[in-house]
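Peer 1: Here it is, the structure, as structure tokens.
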Amino acid sequence: MEGGAIPYLPRGVRLHHDRVREAWVLLAPERAIMLDAVGHAILSEIDGERSFSEITEALAVTYNAPAEDIAKDSAGFLGALRERRFLEVRS
Amino acid sequence: MTVRPPIAMLAELTHRCPLSCPYCSNPVELTRVDRELDTDTWKSVLRQAADLGVLQLHLSGGEPASRRDLEELVSAARDAGLYTNLITSGIGLSERRLKALDDAGLDHIQLSLQGTNPEMADEIGGYAGGFKRKMMVADWIGAIGFPLTLNAVLHRRNLHQLPRAIEMAVEMGARRIEVATVQFHGWALKNRDTLMPTRAQAREADTIVAEARARLKGTLVIDYVPADYHSDYPKRCMGGWGTTGLNIAPDGKVLPCHAAETIPHLSFDNVRDRPLRDIWDHGAAFDAYRGTDWMQEPCRSCDRAKVDFGGCRCQAMAIVGDAAATDPVCIKSPHHGALEARAAAHSEAEADLIYRSPPLRSVEPAE
């Protein structure tokens, strides 16, 4: 994913706190994806306004980790969501 | 055994439908209109489902738009925290109703496709003008911006239209298409002589889907239900009996799958009599084939036992006469060869379509 790209969740895809399983899930058309702490942290930063590099830099500060590592992991995770049309990107 | 909560619930709001598709998955014994659950009972069921752990609600039928309280039920489902998916033919939805469903918070629509042109679609659906109306509904869905899945049901008569169905999904702006080869349950069992695809058709569909998946990556997601009589291993039916999903019939009966009533020795609880949680955790019909203890050979010692859970219980019942047998689609089933021969015979037979009949509106007067 390009650093300047702005990821967003399209209509019909949303974060949901599952109070029964005490976990965060991504709800999408006919799918429910259980999120681990990392997945939830990345998706929580997506607001449809900030770019991918702004998001990964913020995560690097919060989790005190190298920005390149965060960008690599996030790009893989978000890329897989994008392929399934659970995430869109505008430039 | 600790029972995990279900993820998905199929709510068959009604068995009424303007269409009469010959492969309808509703039971051959349709629920009478005067036996349907009322609005308040459905709302209670939706709240109970969310409390139990259901995340995805599929509002289906019959045609769910035949229920005048559909908008109210969508709203109640969203209030309960459920993701709401409407499974519809589009018939019965107007632009005004779609806007009301948007206001109610409907998340997603799955629109069925009986054929890619009026001649095919209206013949299969048994409803003149249905295709034209459906295309209008698709336009309204796109204008409002609902995420859309196109659900193309395919069989021998229309499998040649698969490439066009995929094109139509892209043109409509659908994010996803379900390419669903007819599964032979319910009314479809009566129509195997006219709907069974040939083995060559089934393999061609595999190729078309594989090519389209590669070409449309990132544009259109293709979920594919292959022709299972022509497969080597059975489907992981319902993700495993009593593990993932449940189905509420229009009269409130709680079923492990939509065809479960074809297993004659099972008895089903009703939401009118027993809390949904209790039915899921302890109901006899759910316990019957949950896990692997019920399995016979060759399933019991098979390394795929927890991959496909022996396939479909209703298909084992329908073909082999024993719901605990291995689904005969499996190459390890002693009945697989007979099924292959039967599939070949059905695929070469000629017969007229036998359409689904409508549910009775009330009790017929006694003689």
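Peer 1: Could you grab me the full set of residues in region B:230-289 that are farther than 15 Å from B:Leu10 by Cα, of a type in the set (S, T, N, Q) and touching a helix residue (DSSP H, G or I) at 6+ places or on another chain (Cβ under 7 Å)?
Peer 2: Within region B:230-289, B:Thr262, B:Ser267 meet the criteria.
Peer 1: May I pose another question? Quick one: is A:Val25 crowded, with 16+ Cβ neighbours inside 10 Å, without any contact (Cβ under 8 Å) to a residue 12 or more places away in the chain, within 17 Å of B:Leu55 (Cα to Cα) and within 12 Å of another protein chain (Cβ to nearest Cβ)?
Peer 2: Here the answer is yes, as A:Val25 does meet what is asked.
Peer 1: Can you tell me which residues in region A:54-76 are buried (at least 18 other Cβ atoms within 10 Å of the Cβ) and among the β-branched types (Val, Ile, Thr)?
Peer 2: Those that are buried (at least 18 other Cβ atoms within 10 Å of the Cβ) and among the β-branched types (Val, Ile, Thr): A:Ile55, A:Thr56, A:Ile70.
Peer 1: May I ask you to list the residues in region B:1-28 that are in contact with a Ser or Thr (Cβ under 6 Å, 6 or more places away or on another chain), among the hydrophobic types (A, V, I, L, M, F, W, C) and not in a loop (DSSP other than H, G, I, E, B)?
Peer 2: B:Leu10
Peer 1: While we're on this one: Given the criteria modelled with pLDDT of 95 or more and over 22 Å from B:Asp40 (Cβ atoms), does B:Arg157 qualify?
Peer 2: So B:Arg157 passes the test.
Peer 1: Considering only region B:104-137, how many residues are within 14 Å of chain A (Cβ to nearest Cβ) and more than 22 Å from B:Arg16 (Cβ to Cβ)?
Peer 2: 3
Peer 1: Would you mind listing the helices (runs of 4 or more DSSP H) fully within region B:29-146 where at least 2 residues are β-branched (Val, Ile, Thr)? Give the derivation first.
Peer 2: Numbers: elements: B:39-52, B:70-79, B:95-104, B:118-125, B:130-144.
Counting at least 2 such residues, we get B:39-52, B:130-144.
Peer 1: Here's another thing I want to ask about it. Against the condition out of contact with any Gly (no Cβ under 6 Å at 6 or more places or on another chain) and under 30 Å from B:Arg157 (Cβ atoms), how does B:Ala316 come out, does it pass? Steps first, answer last, please.
Peer 2: Details: out of contact with any Gly (no Cβ under 6 Å at 6 or more places or on another chain): yes; under 30 Å from B:Arg157 (Cβ atoms): yes.
Yes; evaluated as a whole, the condition is true for this residue.
Each row is one residue, and each column tells you yes or no for (1) modelled with pLDDT of 95 or more; (2) exposed (fewer than 15 other Cβ atoms within 10 Å of the Cβ); (3) closer than 20 Å to B:Asp223 by Cα.
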{"position": "B:Thr84", "(1), (2), (3)": "yes, no, yes"}
{"position": "B:Leu98", "(1), (2), (3)": "yes, no, no"}
{"position": "B:Gln114", "(1), (2), (3)": "yes, no, yes"}
{"position": "B:Asp122", "(1), (2), (3)": "yes, no, no"}
{"position": "B:Met136", "(1), (2), (3)": "yes, yes, no"}
{"position": "B:Ala143", "(1), (2), (3)": "yes, yes, no"}
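Peer 1: Can we say B:Ala169 is assigned to a helix (DSSP H, G or I), under 30 Å from B:Trp140 (Cβ atoms) and within 14 Å of chain A (Cβ to nearest Cβ)?
Peer 2: Yes; evaluated as a whole, the condition is true for this residue.
Peer 1: Taking B:Glu261 as the residue in question, decide whether it is more than 22 Å from B:Arg4 (Cα to Cα), buried (at least 16 other Cβ atoms within 10 Å of the Cβ) and acidic (Asp, Glu).
Peer 2: The answer is yes for B:Glu261.
Peer 1: Kindly indicate whether any position in region B:174-182 is farther than 23 Å from B:Asn117 by Cα and not acidic (Asp, Glu). So that I can check it myself, show each step before the final result.
Peer 2: Here is the first cut: in region B:174-182, the residues farther than 23 Å from B:Asn117 by Cα are none.
For region B:174-182, residues farther than 23 Å from B:Asn117 by Cα and not acidic (Asp, Glu): absent.
Peer 1: Right, next: Checking the structure you have, find out if any residue of region A:69-82 is among the basic types (Lys, Arg) and either within 14 Å of chain B (Cβ to nearest Cβ) or closer than 29 Å to B:Gln48 by Cα (or both).
Peer 2: Here is the first cut: in region A:69-82, the residues among the basic types (Lys, Arg) are A:72, A:82.
Okay, now just the ones that are also either within 14 Å of chain B (Cβ to nearest Cβ) or closer than 29 Å to B:Gln48 by Cα (or both), so A:82.
Yes, region A:69-82 contains at least one residue that is among the basic types (Lys, Arg) and either within 14 Å of chain B (Cβ to nearest Cβ) or closer than 29 Å to B:Gln48 by Cα (or both).
Peer 1: Take region B:217-244 and flag every residue that is within 14 Å of chain A (Cβ to nearest Cβ), in a loop (DSSP other than H, G, I, E, B) and without any contact (Cβ under 8 Å) to a residue 60 or more places away in the chain.
Peer 2: Across region B:217-244, the qualifying residues are B:Lys217, B:Gly218, B:Thr219, B:Leu220.
Peer 1: Restricting to region A:4-22, and then to whatever is out of contact with any helix residue (DSSP H, G or I) (no Cβ under 9 Å at 6 or more places or on another chain) and in a strand (DSSP E or B), can you tell me which residue is farthest from the other protein chains (Cβ to nearest Cβ)?
Peer 2: A:Tyr8
Peer 1: Of the residues B:Gln114, B:Gln183, only one is touching a strand residue (DSSP E or B) at 6+ places or on another chain (Cβ under 8 Å), over 19 Å from B:Arg203 (Cα atoms) and not β-branched (Val, Ile, Thr); which? Give the derivation first.
Peer 2: Working: B:Gln183 fails: over 19 Å from B:Arg203 (Cα atoms).
Criteria check complete, one pass: B:Gln114.
Peer 1: Take B:Val179 and decide whether it is in contact with a Phe, Trp or Tyr (Cβ under 6 Å, 6 or more places away or on another chain) and either farther than 25 Å from B:Tyr23 by Cβ or not in a helix (DSSP H, G or I) (or both).
Peer 2: It is true that B:Val179 is in contact with a Phe, Trp or Tyr (Cβ under 6 Å, 6 or more places away or on another chain) and either farther than 25 Å from B:Tyr23 by Cβ or not in a helix (DSSP H, G or I) (or both).
Peer 1: Shifting gears a bit: Pairs needed: first member in region B:47-58, at the interface with chain A (Cβ under 8 Å from one of its Cβ atoms); second member anywhere, assigned to a helix (DSSP H, G or I); C-beta distance under 7 Å; at least 6 residues apart or different chains.
Peer 2: Taking only residues 6 or more apart or on different chains, the pairs are B:Leu52/B:Leu276; B:Leu52/B:Arg277; B:Leu52/B:Trp280.
Peer 1: Look at region A:28-53 and say how many of its residues are more than 14 Å from chain B (Cβ to nearest Cβ), exposed (fewer than 15 other Cβ atoms within 10 Å of the Cβ) and not in a loop (DSSP other than H, G, I, E, B).
Peer 2: Of the residues in that region, 3 qualify.
The values are calculated or read from the model by the stated rules, or taken from the named source; none is laboratory data. This structure is a prediction, so every number in the text was calculated from the model and none was measured. Ideal geometry is used to build each Cβ from the backbone, glycine not excepted, and the neighbour counts take in all protein chains shown.
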